[in-house]
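*Asks:* Before anything else, here's the structure in question.
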Number of protein chains: 2
Amino acid sequence: MILITYFPIVVSLFAIAFVVYLVLQISKAPAAKDKAVAITAAIQEGANSYLKRQYKTVGIVAVVLFIALLIFMSWQIAIGFLIGAVLSALSGFIGMWVSTRANTRVAEGAKRGLAFALDLSFKGGLITGLMVVSLGLLSVASYYFATGLSGLIGLGFGASLISMFARVGGGIYTKAADVGADLVGKVEKSIPEDDPRNPAVIADLIGDEVGDNAGMAADIFETYSVTVIATMILGALLFPRAPQFVLLPLFLGSISILTAIIGSFFVRLGKSKSIMGAMYKGLAVCIVLSAVGFYPLISNMMKGQSISVMNLYLSTLVGLVIAAGMFVITEYYTSTSWGPVKSIAKASETGHGTNVIRGLGLGMQATAFPILLIAFGTIISFWLAGIYGVALAVMAMLSLSGIVVGIDAFGPITDNAGGIAEMAGMPEDIRKITDALDAVGNTTKAVTKGYAIASAGLAALVLFAAYSQEVARLSGSLSAAVFTLDNPKVIAGLLIGGLLPYLFASFLMGAVGKTAGKVVEEVRRQFREIKGLMEGTAKPEYGKCVDIVTAAALKEMMVPVIITVLAPVVVGYILGVQALGGLLIGSIVTGLFVGISMTTGGAAWDNAKKYIEKGNFGGKGSFAHQAAVTGDTVGDPYKDTAGPAINPMIKVLNIVALLIVAWLV
Amino acid sequence: MILITYFPIVVSLFAIAFVVYLVLQISKAPAAKDKAVAITAAIQEGANSYLKRQYKTVGIVAVVLFIALLIFMSWQIAIGFLIGAVLSALSGFIGMWVSTRANTRVAEGAKRGLAFALDLSFKGGLITGLMVVSLGLLSVASYYFATGLSGLIGLGFGASLISMFARVGGGIYTKAADVGADLVGKVEKSIPEDDPRNPAVIADLIGDEVGDNAGMAADIFETYSVTVIATMILGALLFPRAPQFVLLPLFLGSISILTAIIGSFFVRLGKSKSIMGAMYKGLAVCIVLSAVGFYPLISNMMKGQSISVMNLYLSTLVGLVIAAGMFVITEYYTSTSWGPVKSIAKASETGHGTNVIRGLGLGMQATAFPILLIAFGTIISFWLAGIYGVALAVMAMLSLSGIVVGIDAFGPITDNAGGIAEMAGMPEDIRKITDALDAVGNTTKAVTKGYAIASAGLAALVLFAAYSQEVARLSGSLSAAVFTLDNPKVIAGLLIGGLLPYLFASFLMGAVGKTAGKVVEEVRRQFREIKGLMEGTAKPEYGKCVDIVTAAALKEMMVPVIITVLAPVVVGYILGVQALGGLLIGSIVTGLFVGISMTTGGAAWDNAKKYIEKGNFGGKGSFAHQAAVTGDTVGDPYKDTAGPAINPMIKVLNIVALLIVAWLV
């Protein structure tokens, strides 16, 4: 019986052991040689030093908050906060560490063929994915068994806060470098991407690691942990006499860790040699096995409870369907095979303006199906099993994070591998393989972002439900918890909450634009002042660009995070719990639209450019291509800075509200 | 006593007489001669024929709806619908008619100096403004005195529906022509704006009339009427025994028509020769006199009612403060004198991409103060006088429409005057005057859009309050009217409602992009095939471009309007009144953000380009200028198509909900 209760911990430890095995496998593969050694070292060093500085800055904030929580809340919350914060940071760090070692091995491994390089790069991603979910499950389960429910909100807050810093800082870093590098390199000098002559190229490659990898890993660690925690809290509030409702999310998570490991073995090139197909195969296996595995679990564990086994089970299926649906929808809007991306490419023929107009319009349009999916998923799972059913659906959706993050983290690894191959001047046939992997990496990064924002929105809804239940419980009456739309305070809250994602995104867009401008000036300066740079006889000063983006990212990440933490406190204190409830929902509503339109629109711009580069509408160097590069530049901070940073943001708002609710009521 | 009751009707008739006097004054001014005659005739004919075709298309929809309302609702609603529809169409038509006569006289009048030209152009705008409010007040008051409250919703629906068609059709027309003209003219051929060699230039000038003028006039007619109606309905529902609450909005409107007429006499060049200053002087006088005039009215009319005179009066002041605040905020974000526009201009130095990123970021940021103003305005006016106080604030804000629309409609007149002067090859000193007027027209168009969207949002909130009260009254219980955020149907409604502005805007962006692409191809063809066109020895085929945009605007306007009318019916029928309540609020929340960010961002892009053209950051023809032209192109459908079309859209949703509520409950 004890063994059964501790099943989630056992599974997490098993997954961590499997991760260690994967790390050993990757280490055994030969690292790239010659020129690639210095490049890899520069990326590792840059990423490492950025993350250290980021965590040092964030550490100060964390210590202040830790002390505040210790004084004003409880030691359980304070210690939980510390655990969440440290593990979120660790998730990001491990992701970056593995990725900056896998990248060079993938470039070298491409010499042995596509299948080998694919295997290495996917395993590199999978390490991050499995690490994220197993650390999440392990920490939540252990801390719950050790201290009960009361400290878990602290853990969630710690995870959210750090992941928000990681997303914001990493996001500004990666896109300021990328946009800056492209604006001079591609547009003004007409040299290829990742050309070693471009002084911003190393900063760009580091950016992939600290933004797309470390930032994303911290983000999903947080969404995962927070969802488990919120579902457990809801279970306890709604069914105080049935601890099974508290434990169920931990067990669902365990099942999916196992199915993710099994699914990962199916990620292999088939006859069609489709890399994306290999990924989807693994994902499909994981989803199907989870759907199969959830039933015996639920029927054994939840027999004889107030909600029927079948209804609980169907709720988890709703979650899996939403996850699968998000993949299909995002693939449709962002892949070069379908109409939307092609229409952006076509619009590029008539200029920069029409390209941007089309991309903006498409991004907005791309919100339709995800929103309907989320809306109907919420209604159906609620109809099946009440608000706990909604939480269960979200939990089921997020239980897939292990393999989804694996597919996602594949992106920066192959992006870097392509960059290293290009910079080290590897032969054409190897670059063909790394380019093919890189192209798929772009798609996987795009597709998994749809999943990330949808799950973040749903997780935030579950947190709101917990907030609402807490208000009702603490005030001892149902009326206080009623957030009605006729109440002008609720409306004001909705508007202020709706404003936060807009303000937040505008701040990040501004930070990227400003910093990219500085990079452009520095790169122009180097091309002007360093003789022989364009001819390839002199080396650029890569470090200068790295310094610019590092300093800017660290500086610009503070304000948006602080606003996010303070907003619920200020609104709750001045306007009360009902306005705060409005604020939470308002931020989720506009957050979903801003997040989806930005991430999908940005990826569609990126792939429209790639579609033209394949030779359509005039190909590289044509008028249409120039316009498409502009679209891609605009899409960069959309899809990799502002858009994904909405995910942790809407959850930080909700968690802070949960933390202070007792003080407000 | 009878005279006092009919005071609103008397005032409206007086204002119409004043309008006739203004029309005569303008007619007396000499029309432009020589080359300008043909150009003016082409604009008049094109605008006329487009509006006729638009109203013919819309007429079919209107007749179908009229019959449906007659069968399923009541004759009062059906006839009201017809009156609202006809008067909305008439507002647009009169605006266009006057404007296409004033434009050429302003160009000619510039020969007599700035003061004379300003006087003519402002009077031209004022005709539209006063016509809109007096028709609004006259129709609502007369129909109310004739048939009571029951038919007024029909009148509001008619006005909203037609204004939505006008905004959508006119918006697509104007920007498809503008973007198409600019992309080839400015970007590819480097010829000036409004150059007679550009085959799309006549279509562009017509677009200003049918979009910025006729569309805007119909829109404000609708917001004004609907606000009066919603406030009257709320007054009747909340205070069934005190008819003063029903009549008060009509009287507030009457006061402001008189203060607008007085204020208009203060629009004169002062010592500083500032055109914008002259406008603001007139507006300020109107606001101050309204604030002064409201007090004796309210204290006489509302003495001894359940809400104190002072609280009612303060509510109206809140509305005036919101109006003034919106002007100040929008001016800050869109004028070349302040930081935001300059920062976009600066970002243009590093390329198309950074220009667009900066503009998008700024547009999002520009939502902050308006949203806070609206949120706190709502809370304060509710605190003062309940939901009726909120309605009163909105009514006070909208009572300024007469002079505000005057200032706004000044824009297309001077824009056209500048175009005619340029095309007719008038001398440099005259073009300097028309250019100065045109530049201010750009700012007034921008500034009044902030007012329009804020008032539309608030008007929609008042409509929602009426919907909510109706649900409560019809279902006979309070619980049915409670739209709580814990209810997943309300959440689903919020999400679906939030989606509508996104979907709607994406559709319009797509329509403009697509049609502009066709215009580009046609213009390129003419430059290629018509020999001597570039040299000025051959004439372009203006009519071809006019045909393209006319056909596209009429075709593309149907779907978004139909979706808007059907959405509340479908959601209300399938998911019920509570989901519909969520939908209404969801559309207001995201609608405000989409609307404000688009209109303000678009205007800022436009003026950033103008700022560079004044000689900053390299001036005309520089790299920064090219980037700024891209930003302006993107901003065009933002500020003149998608953004302003949100205004009627969110009100159509709410009015349809009010219409069908009895059937749903």
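The values are calculated or read from the model by the stated rules, or taken from the named source; none is laboratory data. Everything numeric in this text was worked out from a predicted model, so none of it was measured. Note that each Cβ is placed from the backbone with ideal geometry, even for glycine, and that neighbours are counted across all protein chains shown. Heads up: the accessible areas ignore ligands, DNA and RNA and are worked out on the full protein's heavy atoms, side chains in. Shrake-Rupley method; radii C 1.70, N 1.55, O 1.52, S 1.80 Å.
*Asks:* Would a scan of the range A:457-478 turn up a residue that is farther than 30 Å from A:Thr316 by Cα, hydrophobic (A, V, I, L, M, F, W, C), at the interface with chain B (Cβ under 10 Å from one of its Cβ atoms) and part of a helix (DSSP H, G or I)?
*Replies:* Scanning the range A:457-478, I find no residue that is farther than 30 Å from A:Thr316 by Cα, hydrophobic (A, V, I, L, M, F, W, C), at the interface with chain B (Cβ under 10 Å from one of its Cβ atoms) and part of a helix (DSSP H, G or I), so the answer is no.
*Asks:* I'd like to check something: does the range B:277-293 contain any residue that is at pLDDT 95 or above, more than 21 Å from B:Leu130 (Cα to Cα) and either part of a loop (DSSP other than H, G, I, E, B) or away from chain A (no Cβ under 14 Å) (or both)?
*Replies:* No: the range B:277-293 contains no residue that is at pLDDT 95 or above, more than 21 Å from B:Leu130 (Cα to Cα) and either part of a loop (DSSP other than H, G, I, E, B) or away from chain A (no Cβ under 14 Å) (or both).
*Asks:* Would you check if there is a residue in the range A:136-150 being in a helix (DSSP H, G or I), within 27 Å of A:Ala642 (Cβ to Cβ) and in contact with a Leu (Cβ under 8 Å, 6 or more places away or on another chain)?
*Replies:* Of the residues in the range A:136-150, the ones in a helix (DSSP H, G or I) are A:136-147, A:149-150.
In the following step, the residues that additionally are within 27 Å of A:Ala642 (Cβ to Cβ) were identified as A:136.
Filter once more, keeping what is in contact with a Leu (Cβ under 8 Å, 6 or more places away or on another chain): A:136.
So far as the range A:136-150 goes, yes, one or more of its residues are in a helix (DSSP H, G or I), within 27 Å of A:Ala642 (Cβ to Cβ) and in contact with a Leu (Cβ under 8 Å, 6 or more places away or on another chain).
*Asks:* Please work out if B:Lys489 is open to solvent by 60 Å² or more (accessible area, probe 1.4 Å) and at the interface with chain A (Cβ under 9 Å from one of its Cβ atoms). Write out each step before concluding.
*Replies:* Numbers: open to solvent by 60 Å² or more (accessible area, probe 1.4 Å): yes; at the interface with chain A (Cβ under 9 Å from one of its Cβ atoms): yes.
When the stated conditions are applied, B:Lys489 passes them.
*Asks:* Taking the conditions exactly as written (part of a helix (DSSP H, G or I), at pLDDT 90 or above and either crowded, with 19+ Cβ neighbours inside 10 Å or among the small types (Gly, Ala, Ser) (or both)), does A:Ala42 satisfy them or not? Break it down into steps so the answer makes sense when it comes.
*Replies:* Numbers: part of a helix (DSSP H, G or I): yes; at pLDDT 90 or above: no; either crowded, with 19+ Cβ neighbours inside 10 Å or among the small types (Gly, Ala, Ser) (or both): yes.
No: the conditions fail for A:Ala42.
*Asks:* Cβ-Cβ below 6 Å, separation at least six or inter-chain, first residue in the range B:225-243 and part of a helix (DSSP H, G or I), second surrounded by fewer than 24 Cβ atoms within 10 Å (Cβ to Cβ): which pairs?
*Replies:* Pairs that qualify, where the first residue is part of a helix (DSSP H, G or I) and the partner is surrounded by fewer than 24 Cβ atoms within 10 Å (Cβ to Cβ), are B:Met232/B:Val246; B:Gly235/B:Val246; B:Ala236/B:Leu149; B:Ala236/B:Val246; B:Leu237/B:Gln469.
*Asks:* Go through (1) farther than 25 Å from B:Gly207 by Cβ; (2) open to solvent by 40 Å² or more (accessible area, probe 1.4 Å) and name the single condition B:Leu69 misses.
*Replies:* Every listed condition holds for B:Leu69 apart from (2).
*Asks:* Further question: With the condition kept exactly as written, say whether any residue in the range A:612-634 is away from chain B (no Cβ under 11 Å), crowded, with 24+ Cβ neighbours inside 10 Å and under 19 Å from the mean Cα position of the chain (by Cα).
*Replies:* no
*Asks:* Assess whether A:Val546 counts as being part of a helix (DSSP H, G or I), farther than 16 Å from B:Val589 by Cβ and away from chain B (no Cβ under 12 Å). Explain how you work it out, then say what you get.
*Replies:* Numbers: part of a helix (DSSP H, G or I): yes; farther than 16 Å from B:Val589 by Cβ: yes; away from chain B (no Cβ under 12 Å): yes.
Criteria met by A:Val546.
*Asks:* Related question: Looking only at the range A:635-665, count how many residues are among the polar types (S, T, N, Q) and surrounded by fewer than 20 Cβ atoms within 10 Å (Cβ to Cβ).
*Replies:* First, pick out the residues of the range A:635-665 that are among the polar types (S, T, N, Q): A:641, A:647, A:654.
Next cut, surrounded by fewer than 20 Cβ atoms within 10 Å (Cβ to Cβ) only: none.
Within the range A:635-665, residues that are among the polar types (S, T, N, Q) and surrounded by fewer than 20 Cβ atoms within 10 Å (Cβ to Cβ) number 0.
*Asks:* For the range A:492-541, which residues satisfy the criterion of being polar (S, T, N, Q) and more than 8 Å from chain B (Cβ to nearest Cβ)? Quick ask: steps written out before the conclusion?
*Replies:* Let us first name the residues in the range A:492-541 that are polar (S, T, N, Q), namely A:506, A:515, A:526, A:537.
Selection gives A:Thr515, A:Gln526, A:Thr537.
*Asks:* I need the helices (runs of 4 or more DSSP H) fully contained in the range A:346-445, keeping only those with at least 1 residues that are within 14 Å of chain B (Cβ to nearest Cβ) and more than 25 Å from the chain's Cα centre (by Cα). Steps first, please.
*Replies:* Details: elements: A:352-365, A:368-398, A:401-423.
Ranges flagged: A:352-365, A:368-398.
*Asks:* Looking at B:Val267, B:Val246, which one is over 22 Å from the mean Cα position of the chain (by Cα), among the hydrophobic types (A, V, I, L, M, F, W, C) and either modelled with pLDDT under 95 or within 30 Å of B:Leu234 (Cα to Cα) (or both)? Steps first, answer last, please.
*Replies:* Working: B:Val267 fails: over 22 Å from the mean Cα position of the chain (by Cα).
Just a single option satisfies the conditions, and that option is B:Val246.
*Asks:* Can you tell me which of A:Ala481, A:Ala466 is of a type in the set (A, V, I, L, M, F, W, C), under 26 Å from A:Trp663 (Cα atoms), open to solvent by less than 10 Å² (accessible area, probe 1.4 Å) and modelled with pLDDT under 90? Even if it seems obvious, please write down each step before you answer.
*Replies:* Details: A:Ala466 fails: modelled with pLDDT under 90.
After ruling out the rest, the residue left standing is A:Ala481.
*Asks:* Condition first: in contact with a His (Cβ under 8 Å, 6 or more places away or on another chain) and within 12 Å of chain B (Cβ to nearest Cβ). Can you find one or more residues in the range A:318-336 that meet it? Steps first, answer last, please.
*Replies:* Residues of the range A:318-336 that are in contact with a His (Cβ under 8 Å, 6 or more places away or on another chain), as a first pass: none.
Scanning the range A:318-336, I find no residue that is in contact with a His (Cβ under 8 Å, 6 or more places away or on another chain) and within 12 Å of chain B (Cβ to nearest Cβ), so the answer is no.
*Asks:* Do we find a residue being surrounded by fewer than 24 Cβ atoms within 10 Å (Cβ to Cβ), more than 14 Å from chain A (Cβ to nearest Cβ) and either of a type in the set (D, E, K, R) or without any contact (Cβ under 8 Å) to a residue 60 or more places away in the chain (or both) anywhere in the range B:199-217?
*Replies:* Applying the first criterion (surrounded by fewer than 24 Cβ atoms within 10 Å (Cβ to Cβ)) to the range B:199-217 yields none.
The answer is no; no qualifying residue exists.
*Asks:* Kindly check whether there is at least one residue in the range A:10-19 that is hydroxyl-bearing (Ser, Thr, Tyr) and not in a loop (DSSP other than H, G, I, E, B). Lay out the reasoning, then the answer.
*Replies:* From the range A:10-19, those hydroxyl-bearing (Ser, Thr, Tyr) are A:12; that's our starting set.
With the extra rule that they be not in a loop (DSSP other than H, G, I, E, B), the set shrinks to A:12.
Yes, there is a match, as at least one residue in the range A:10-19 is hydroxyl-bearing (Ser, Thr, Tyr) and not in a loop (DSSP other than H, G, I, E, B).
*Asks:* Just one of the numbered conditions (1) out of contact with any Phe, Trp or Tyr (no Cβ under 7 Å at 6 or more places or on another chain); (2) at pLDDT 85 or above; (3) more than 22 Å from A:Val594 (Cβ to Cβ); (4) open to solvent by 10 Å² or more (accessible area, probe 1.4 Å) is not true of A:Val471; which one?
*Replies:* So the condition that A:Val471 fails would be (4).
Residues checked against (1) under 30 Å from B:Gly363 (Cβ atoms); (2) in contact with a Gly (Cβ under 8 Å, 6 or more places away or on another chain); (3) not in a loop (DSSP other than H, G, I, E, B):
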residue	(1), (2), (3)
B:Tyr295	no, no, yes
B:Asn300	no, no, yes
B:Lys303	no, no, no
B:Ser306	no, no, no
B:Asn311	no, yes, yes
B:Thr316	no, no, yes
B:Val321	yes, yes, yes
B:Ile329	yes, yes, yes
